[in-house]
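Here's the structure we're looking at; comments come further down.
The values are calculated or read from the model by the stated rules, or taken from the named source; none is laboratory data. Computed from a predicted structure; not experimentally measured. We place every Cβ from the backbone using ideal geometry, glycine too, and count neighbours over all the protein chains shown.
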Amino acid sequence: MVHTPGAFMADNSFYQDEAFRLLFHRLPMACMLVDHRSGRIIDLNRAFHQRFGWRPELIIGQPERDFPMWSDPQQRRRLHGGSAVGASEPLEMLLRGRDGTIKPSLVSMEYIDVGGVAARLYTVQGHAGSIGGPGLPALAQTDTALEQSQERLRLALDAAQMGIWDLDLGSGRLHASARAARLHGFPGADWEGTLAAFMEDTAPSDRRAMRKAFVAICRGGQQRYRLTYRLLRRSGEPRWLEAIATLNRNASGRPLGMVGTLVDITERRRSEQALIDSENKFASLFQGSPDPYALLNTQTHVFIEVNRSFAEVFGYRPEQIIGRTLSEIGLWSETALADRVHGVLATGESLHNETMDLCDAQRRSHICEVSSSLLTINRQRCVLFGFRDVTERKAIEAQVKHLAYHDALTDLPNRILLKDRLEQHIALYDRHQLKGALLFFDLDHFKHINDSLGHSCGDAVLQEVTRRLAGNVRREDTVARLGGDEFVVLLSGLEADDGSFADSVQTTAEKLRFVLSEPMIIEGHSLQLSTSIGVALIPDHGESPDDLLKRADIALYRVKEAGRNGVAFFEQSMQVTASKRLVVENQLRRALALGEFKVYYQPQFDSLSHRVVGAEALLRWEHPEQGLIGPASFIKVLEESGMIIEAGRWVLAEACQFFSRLRESGLVGFDNFSLSVNISPRQFRQSGFVDLVRDSIGSQDLPPGCIKLEITEGVVIENISDTVEKMQELRQLGVSFAIDDFGTGYSSLSYLKRLPLDLLKIDQSFVRDCASNGNDAEIVRAIVAIARSLKLDMIAEGVETEEQLTFLRGMACHCYQGYLFSPPLDETAFMDLLSRT
Ligand SMILES: Nc1nc2c(ncn2[C@@H]2O[C@@H]3COP(=O)(O)O[C@H]4[C@@H](O)[C@H](n5cnc6c(=O)[nH]c(N)nc65)O[C@@H]4COP(=O)(O)O[C@H]3[C@H]2O)c(=O)[nH]1
């Protein structure tokens, strides 16, 4: 390695003591300083350069043994052969100048301590001439030369702000130069007095230490010593002084006196202390940090230090890791990452929160954000690595991402992921002439399970359905849940060439339907599901995910319409029906906006008192071209499209206003007439329904008891507890309830018992043949018995004949509505009828 002087000096940071360097260069004798450990030349002084012509910038950093100055290597070895400590005897040597001349010189070598580092100081004290060169005149030791030399030394000491002193051990008198005296707080010029007087302000503990050291020096063979001590000045801070002294002995080794220098090192101490403080701060930050940290040597790639958190996170004890290399530990298991980190150490490049996969002692993976910075600690260049373990955070992020594309309950792909896969599959099928199918599943009457057995049971059913579907399709197929009880299966990569493609889809769909229909035991309940499946073939039925989903849904709608529990493939005609439905929907929306709806009223007649006791409000559509249309053809569309909410609100308001007009006309009273209004399931479930009823009735100042709400089984089945709660709230206002179509659906007696009902309507489907069909007669009888036992009023609807009425009256059911008495009438006709009866 080639050392440039600048680089070598920078490396020898100990050689930064400005005072020493000044003194070194001002010394009158030629001096050379060598780093004892490396053997490299640290510095040559000015006198050396002048005497031998060697230029410091070419010499500094070179190995001293190769210095061409040594003309005779044996002489050099002799010089080194002396004691390993202290100073060598002066040796006459022949030294070579830069111009090649050989100069006889008196050379001595001394081991000294420079800033805590062992160094060799070569001193050339004089020479007697030169051989083979231009030759210099011999230097006589004249007084003038001595004076000049002393003056130079004084200047050097001044420049280094050093005082000098000497102590005569015989007399105990100490002589201090003016600067040394000033350093001890004595004013004026040179000082002379006793050692005790000079040291008076020295801190007592330091004085004791000095005394001990002095005794040890006198007894031992050591000649030079260095001491630091504090002066406790009355004014201000204590000052730190450093004394470097040489002990003079006589020929028999008895100490005679001492000479030495004195320098104020308070500032140096302060900066040293500041450095220690900063190192302590660094150490406590390093150790106390919750994040793992490791310090590595840039050259050897050895771990110098790791903190507590590092040990905890990566499972190593510090002693298992400190002193070992990066490669030995294998913290970065991936070769590419390890190479990157070796690169960071080599170049000093810094990392900033770079995500890396690391391995702990148990070879477990830790995802960490790694940062690094280059530092110099104890003159060693090292890289500090900081690790933030983000394994958990990354796992959460991955989970959040997973949740965005999966259904939380079943962990199946959700609509977004399904559409994404569908998109990819469509493109793939197109390229490879393959086909696929989209199966849209709806669990028939799943709501019943949720409502009657609770949501946890419903969830368990959905999970079981997931298991069955996933377990009965191929790995390349996708099972997705779109929400609620809607599942989709994407059958992929089917061969397109033979005509049996649709058949095989049909077979798979039937198989899945069968699999789902197998009984399941959920939370102790034995359940059996039936499923409706709508199928869209890819690419036959659509080329985009949205089209395919829509068409599979249309096919599913068809299955539901046909009574559920079946499979239907999409057909173009279904699209036509769906489109027609859409047209009707648009027309209805228009009708609502343009006020084409009307309310008709069908009287309810008490055959016992021969009085009209109420009426049912029935919706009609006055179509501009088709005339008056009954609700049977459009009420379902209103319900499914959600328009029933607005239409229902309008009917309720109309009915209340009509009642108010009837009342004003004096045709009815609050206590002898009630108006029934049909409430659809969707309308009943909407939030704010109770307020809507209260406001509609209140706006006409009607007593709530004159309005009767007719609900169907659909309302009850959806959510019994919510239904009961809402009914009770309205009941408290005074509103009464009738249950329409009782017995036609799934509602059970237990439901009926829980509902706060007032009136039970006998459905016209039972009334129609009650006089001629024994079964229907029995049903009517049973319904009448139930109503009676539950203390409910009764009314029969759809009564068209006297026979029916006679039968009903025989059952003690006297109230009825039907064509026998009157069809539904518009407002005017209804008022006419009232005024006539
Ligand atoms: N065959 C026969 N039918 C008779 C006889 N007497 C009355 N009807 C019809 O029977 C239906 C009785 O109404 P619903 O059972 O509540 O059945 C209603 C009700 O469920 C629903 N509906 C009517 N208006 C509304 C409304 O404003 N809102 C809601 N949500 N549903 C309504 O539409 C259904 C059908 O209503 P409409 O077509 O008006 O049909 C009415 C009425 O015209 C008769 O003697 N023989």
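Of everything listed in (1) among the hydroxyl-bearing types (Ser, Thr, Tyr); (2) modelled with pLDDT of 90 or more; (3) part of a helix (DSSP H, G or I), the single unmet condition for Ser772 is (3).
Residue-wise test of (1) in contact (Cβ under 8 Å) with a residue 60 or more places away in the chain; (2) out of contact with any His (no Cβ under 9 Å at 6 or more places or on another chain).
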| position | (1), (2) |
| --- | --- |
| Leu760 | no, yes |
| Phe766 | no, yes |
| Met794 | no, no |
| Val799 | no, yes |
| Phe821 | yes, yes |
| Phe830 | yes, yes |
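Does the stretch 283-296 contain any residue that is assigned to a helix (DSSP H, G or I) and surrounded by 19 or more Cβ atoms within 10 Å (Cβ to Cβ)? Full working, then the answer.
Of all residues in the stretch 283-296, those assigned to a helix (DSSP H, G or I) come to 283-288.
Going one step further and asking which of them are surrounded by 19 or more Cβ atoms within 10 Å (Cβ to Cβ), we end up with 286.
For the stretch 283-296, residues assigned to a helix (DSSP H, G or I) and surrounded by 19 or more Cβ atoms within 10 Å (Cβ to Cβ): present.
Taking the conditions (1) under 30 Å from Pro292 (Cα atoms); (2) part of a loop (DSSP other than H, G, I, E, B) in turn, Ala408 satisfies each one other than (1). Within the stretch 626-656, restricting attention to residues that are acidic (Asp, Glu) and either within 30 Å of Val668 (Cβ to Cβ) or buried (at least 16 other Cβ atoms within 10 Å of the Cβ) (or both), the residue that is farthest from the ligand (Cβ to nearest atom) is Glu646. The single condition among (1) at pLDDT below 95; (2) buried (at least 18 other Cβ atoms within 10 Å of the Cβ); (3) of a type in the set (Val, Ile, Thr) that Ile786 does not meet is (2).
Looking only at the stretch 491-538, residues that are in contact with a Gly (Cβ under 8 Å, 6 or more places away or on another chain), more than 27 Å from Gly563 (Cβ to Cβ) and either loosely packed, with under 11 Cβ neighbours inside 10 Å or among the hydroxyl-bearing types (Ser, Thr, Tyr) (or both) come to 1 in all. Ala617 - would you say it is modelled with pLDDT of 95 or more, farther than 30 Å from Leu516 by Cβ and touching a helix residue (DSSP H, G or I) at 6+ places or on another chain (Cβ under 6 Å)? When the stated conditions are applied, Ala617 passes them.
Can you say whether Gln299 is among the polar types (S, T, N, Q) and touching a residue at least 12 places away in the same chain (Cβ under 8 Å), as far as the supplied structure shows?
yes
Among the candidates Ile783, Ile795, Ile720, Ile762, the residue that is more than 23 Å from Tyr600 (Cβ to Cβ) and in contact with a Gly (Cβ under 9 Å, 6 or more places away or on another chain) is uniquely Ile783.
Among the residues of the stretch 200-252, which ones are within 20 Å of Asp166 (Cβ to Cβ), touching a residue at least 12 places away in the same chain (Cβ under 8 Å) and aliphatic (A, V, I, L, M)? Of everything in the stretch 200-252, those that are within 20 Å of Asp166 (Cβ to Cβ), touching a residue at least 12 places away in the same chain (Cβ under 8 Å) and aliphatic (A, V, I, L, M) turn out to be Met210, Ala213, Ile217, Leu227, Leu231, Leu241, Ala243, Ile244, Ala245, Leu247.
Take the residues in the stretch 366-419 that are acidic (Asp, Glu) and under 24 Å from Arg308 (Cβ atoms); name whichever of them is surrounded by the fewest Cβ atoms within 10 Å (Cβ to Cβ).
Glu392
Across the stretch 683-695, the number of residues qualifying as crowded, with 19+ Cβ neighbours inside 10 Å and within 13 Å of the ligand (Cβ to nearest atom) comes to 3.
Once the stretch 724-769 is narrowed to residues that are among the acidic types (Asp, Glu) and within 15 Å of the ligand (Cβ to nearest atom), the residue that is nearest to Phe670 (Cα to Cα) is Asp740. Consider the stretch 208-248 and keep the residues that are surrounded by fewer than 18 Cβ atoms within 10 Å (Cβ to Cβ) and touching a Pro at 6+ places or on another chain (Cβ under 9 Å). The one that is nearest to Ala197 (Cα to Cα) is Leu232.
The residue pairs whose first member lies in the stretch 537-553 and is under 17 Å from Leu494 (Cβ atoms), whose second member is aliphatic (A, V, I, L, M) and surrounded by fewer than 20 Cβ atoms within 10 Å (Cβ to Cβ), and whose beta carbons are closer than 7 Å, counting only pairs six or more residues apart or on different chains, are Leu537/Ala502; Ile538/Ile426; Pro539/Ile426; Glu543/Ile426.
Return the residue satisfying two criteria in turn: it lies in the stretch 772-828 and is of a type in the set (Ser, Thr, Tyr) and more than 10 Å from the ligand (Cβ to nearest atom), and of such residues it is farthest from Val651 (Cα to Cα).
We begin by selecting, within the stretch 772-828, every residue of a type in the set (Ser, Thr, Tyr); these are 772, 789, 801, 806, 816, 819, 822, 828.
After this cut, where a residue has to be more than 10 Å from the ligand (Cβ to nearest atom) as well, the list is 772, 789, 806, 828.
On the way: Ser772: 36, Ser789: 33, Thr806: 33, Thr828: 17 Å.
Ranking the candidates gives Ser772 first.
When the stretch 589-614 is limited to residues that are among the small types (Gly, Ala, Ser) and away from the ligand (no atom under 16 Å from the Cβ), the one that is surrounded by the most Cβ atoms within 10 Å (Cβ to Cβ) turns out to be Ser609.
Determine the pairs where a residue that is within 30 Å of Glu192 (Cβ to Cβ) and hydrophobic (A, V, I, L, M, F, W, C), located within the stretch 253-282, has a partner that is part of a helix (DSSP H, G or I) and at pLDDT 80 or above with Cβ atoms under 6 Å apart, the partner being 6 or more residues away or on another chain. Taking only residues 6 or more apart or on different chains, the pairs are Leu262/Ala180; Leu262/Leu183.
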